[in-house]
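Down below is the structure, laid out as structure tokens.
Every read-out reported here was derived from the displayed coordinates using simple, explicitly stated rules and does not represent laboratory data. Worth saying up front: this structure is predicted, and the values here are computed from it rather than measured.
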Amino acid sequence: MAQRIDVKKVADITIATTLDMKLNDDLSIQEWGEQLVALFDDDACKKLLVSFERVLFMSSSALRALITLNKKVKEVGAHLVLCGIDDNIMEAFRITRLDGIFHIKRNEDDGIRAFEQ
């Protein structure tokens, strides 16, 4: 399985940066989603910031994987923030009304600050 996310910790926040520029094929999306969900196998992850700063395209399958991730986050009582979403991808979030479901910030710094509020 290819590594689809780069993970680092800032205080008690786990930051997962998506490595793929395009999330458009089913295998890479499945691996990406599984790697994000697996972060919650360890009880140490209660605050997850997913960065999309490198992502230029995201298919509807990737959006479904995020919905699955959001369900997992709620199951374990954690918090999820997304950041660095390209304007074109953000339009897909607006059209599907996912911008009302997810906590979305402009960049990583804003995402980190969102957990402090």
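Summary of computed values
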{"quantity": "Value at 222 nm in deg cm²/dmol, rounded to 500, when DSSP H runs of n ≥ 4 in the chain each add -39,500 (n - 2.57)", "calculated": "-12500 deg cm²/dmol"}
{"quantity": "Stokes-Einstein D for the range 45-106, Kirkwood Rh over Cα pairs, 25 °C, 0.890 mPa s (µm²/s)", "calculated": "206 µm²/s"}
{"quantity": "Global geometry of the range 72-112, whether rounded, prolate or oblate, following the gyration tensor of its Cα atoms and the 1.5 cut on a/c", "calculated": "oblate"}
{"quantity": "Quarter of the Cα convex hull surface for the range 5-116, i.e. its orientation-mean projected area (nm²)", "calculated": "6.1 nm²"}
{"quantity": "Percent antiparallel among DSSP beta bridges (both partners in the chain, rounded to 5)", "calculated": "30 percent"}
{"quantity": "Alpha-carbon centroid distance for the pair the range 49-116 / the range 24-45, whole angstrom", "calculated": "14 Å"}
